Amino acid sequence: MAVATVPKHAWPPWPPLLFLLLLPAGSSGGCPAVCDCTSQPRAVLCAHRRLEAVPGGLPLDTELLDLSGNRLWGLQRGMLSRLGLLRELDLSYNQLSTLEPGAFQGLQSLLTLRMQGNRLRIMGPGVFSGLSALTLLDLRLNQLVLFLDGAFRELGSLQQLEVGDNHLVFVAPGAFAGLAKLSTLTLERCNLSTVPGLALARLPALVALRLRELDIERLPAGALQGLGQLKELEIHHWPSLEALEPGSLAGLNLSSLAITRCNLSSVPFQALHHLSFLRVLDLSQNPISAIPARRLSALVRLQELRLSGACLTSIAAHAFHGLTAFHLLDVADNALQTLEETAFPSPNKLVTLRLSGNPLTCDCRLLWLLRLRRRLDFGTTPPACAGPQHVQGKSLREFSDILPPGHFTCQPALIRKSGPRWVIAEEGGHAVFSCSGDGDPAPTISWMRPQGAWLGRAGRVRVLQDGTLEIRSVQLRDRGAYVCVVSNVAGNDSLRTWLEVIQVEPPNGTLSDPNITMPGIPGPFFLDSRGVAMVLAVGFLPFLTSVTLCFGLIALWSKGKGQVKHHMTFDFVAPRTSGDKNSGGNRVTAKLF
């Protein structure tokens, strides 16, 4: 049987050549032997190869060139000018100390330039000429001391500049001129002693400014005046910053402000009050002890407040009054014993509450928190009770919906001890009223006048820290009733006292207004009924004495003369009328005693 066979086709000699021609075109030029050109497309990776110069023979279509971690000491003009398509250049962690003007000429497509970890000292004009498209420049961890005028003038497209960890002591007023599109600037761990306000004013598009770990004592009024587009400001680790001046943030319209790890002892309300568009405020790691009532109400759009790691001991009722969009509070790692519901305008709108690390007393003041514990975001560590002893260490999430007796309860305030309820003090003297009370939680002690005026902790009439009422330089108008009010969240108690003031005459015997204290100027003279009686008595006694003395002298004189007539008789005859000689005058006899 014949077997059918398939004829065997012979390949012509040209297909291998055709196959080579059909291979994708390689990059222009070869790849330096010390570099890796295959790991990423159009990337030449020469990191950590102990290179002392830029290798030759780089492909012309290179888009990423990594020369980090080598021993490059300088960069001459035109050395990289053939790489017109280069988009990212990494020269970090070399030994570069000088950059000739025009060193990057020809790199018109370069977007990212990393030069951190070198030995650059002075940044002068012309160094970055030709980098018209650059958007990110990283100069961290160098030895830069000065930024001269026009140092970045050619970088019209730059958006992010990192210059931290340098020896920077001076930034010339025109150093940032030309950076019309710069949106993010970071100055950290430098030797700047003042904020370079004049230089920053040349950045009209700046959106985020980070000033970290600087030894600057103050932020002067108007220092950031020219940054009208700034939305995010971070001031971190300024140990010498103890207060924020009222006008230090003038001209800004921030949405996020962080002043962390400084030395602020109170919330800088006056400096913040005009920031009506502020949404995030971070004051963590400052020795701030209290948040008073209603002082944040001007920040009507505030949504988040972070104050962790501070020294907070109290958050007053109505502390967040007026903050209708408020939904996040971070006060972890403080010294708070409680957080009352009345601090918030709408507790049900609260989404995130970080309260761990506080010695919380789980009494009736935290019942609202217990009620919302399943809905609130407490973070990784929910708050726990530090007292009373029977619930110590127990997390709020561990309590059931039905509480056992004696849990989360309070005792109303009661006055247990007081000083005299009737105090008499001389005008100009000193008066003290004492009052104390018991309750759970510990009550607060306040004093008021019956008319409703609460007495403060400063001035001539003041309430001391222990609840004692002190009145110095007592005046007549201080006479009257004073009411001690002892109160806590569970109730209050009151006690009425009375101050009687004794008027004291001045040494010269005049009665003057006790409020007049100016030396050398006599006060007005006033007389009441008592004063009138005193004046009459003083005048009548000398008069009576004088009359008595006169009569006594007359009596003695009369006795010495013998018989004395105390009357006399005489006749009086009226004269005749003229021309009438016959008519006689009438005789009148009179006796004078």
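Using unit Cβ charges (K, R positive; D, E negative) and no other charged atoms, how large, in debye to the nearest 20, is the dipole of the stretch 288-404 about its Cα centre?
Dipole about the Cα centre, nearest 20: 240 debye.
Considering only protein heavy atoms, what is the solvent-accessible area of W73 at a probe of 1.4 Å, reported in Å² to the nearest 10?
So the heavy atoms of W73 present about 150 Å² to solvent.
For every other residue with a beta carbon closer than 12 angstrom to the beta carbon of V163, add +1 if it is Lys or Arg and -1 if Asp or Glu, then tell me the sum.
Residues near V163 contribute 0 overall.
On average, how much accessible surface per residue is there in the stretch 356-408, in Å², for a 1.4 Å probe, leaving out ligands, DNA and RNA?
52 Å²
Using a probe radius of 1.4 Å on heavy atoms only, what accessible surface per residue do you get for the stretch 34-206? Whole Å² is fine.
Accessible surface, normalised per residue, equals 41 Å².
Considering only the other residues whose Cβ falls under 14 Å of the Cβ of R373, what net charge follows from Lys and Arg at +1 and Asp and Glu at -1?
So the surrounding residues net to +2.
Using only Cα atoms, what Kirkwood radius does the stretch 317-447 have, in angstroms?
By the Kirkwood definition, the hydrodynamic radius is 17.2 Å.
Could you give log10 I(q)/I(0) at q = 0.31, 0.32 Å⁻¹ for the stretch 400-441, computed by the Debye formula over C-alpha point scatterers of equal weight, without solvent?
One equal scatterer on each Cα of the stretch 400-441 leads to -1.05, -1.08.
Short version: what are the Cα gyration tensor semi-axes of the stretch 71-166, square root of 5 times each eigenvalue, largest first, in whole Å?
So the equivalent ellipsoid measures 18, 15, 13 Å along its semi-axes.
Run the accessible area of the stretch 34-206 with a 1.4 Å probe and give the carbon-and-sulfur part as a rounded percent.
Solvent-exposed carbon and sulfur of the stretch 34-206 make up 50 percent of the total.
Counting only C-alpha contacts under 8 Å and six or more residues apart, can you give the relative contact order of the stretch 366-430 as a whole percent?
Dividing the mean separation by the residue count of the stretch 366-430 yields 23 percent.
Quick one: ranking D493, D438 by accessible area, 1.4 Å probe, largest first, what do you get?
Sorted by accessible area, descending: D438, D493.
Calculate, in nm to one decimal, what T324 and Q465 gain on full extension: separation in residues at 0.36 nm each, minus their alpha carbon distance.
Between T324 and Q465, full extension yields an extra 47.4 nm.
Distance from a point 7 Å along Cα→Cβ of S255 to each backbone N in the stretch 195-228: keep the residues under 17 Å and list them by number.
From the stretch 195-228, the list is 205-210, 228.
Counting only the heavy atoms of the protein chains, how much of D282 is accessible to a 1.4 Å probe, in Å² to the nearest 10?
The value for D282 is about 30 Å².
Let me check against my output: what whole-number percent is the relative contact order of the stretch 288-404, with C-alpha pairs under 8 Å and at least 6 apart?
20 percent
When all C-alpha to C-alpha distances in the stretch 250-385 are sorted into bins of 10 Å, what percent of pairs does each bin hold, rounded to whole numbers?
Going out from 0 Å in 10 Å bins, the stretch 250-385 shows 13, 46, 34, 7, 0 percent.
When only Cα pairs under 8 Å and 6 or more residues apart are kept, what is the percent relative contact order across the stretch 34-206?
13 percent
Let's test the formula: R0 of 35 Å, r as the Cβ-Cβ distance of V300 and L414. What FRET efficiency results, to the nearest 0.05?
Efficiency for this residue pair is about 0.30.
For R42, what is the net charge nearby, where nearby means another residue's Cβ is under 15 Å from its Cβ and Lys, Arg count +1, Asp, Glu -1?
-4
Share of the stretch 288-404's accessible area from carbon and sulfur, percent, 1.4 Å?
50 percent
For the stretch 411-502, state the semi-axes of the equivalent ellipsoid (square roots of 5 times the eigenvalues of the alpha-carbon gyration tensor), sorted largest first and rounded to whole angstrom.
Each semi-axis is the square root of five times an eigenvalue, giving 24, 12, 11 Å.
The values are calculated or read from the model by the stated rules, or taken from the named source; none is laboratory data. Being a predicted model, the structure only gives us computed values, none of them experimental. Methodologically, a virtual Cβ is constructed for each residue, glycine included, from the backbone with ideal geometry; neighbour enumeration extends over all protein chains shown. Side chains are part of the model used for accessible areas, which takes the heavy atoms of the whole protein and leaves out ligands, DNA and RNA. Shrake-Rupley method; radii C 1.70, N 1.55, O 1.52, S 1.80 Å.
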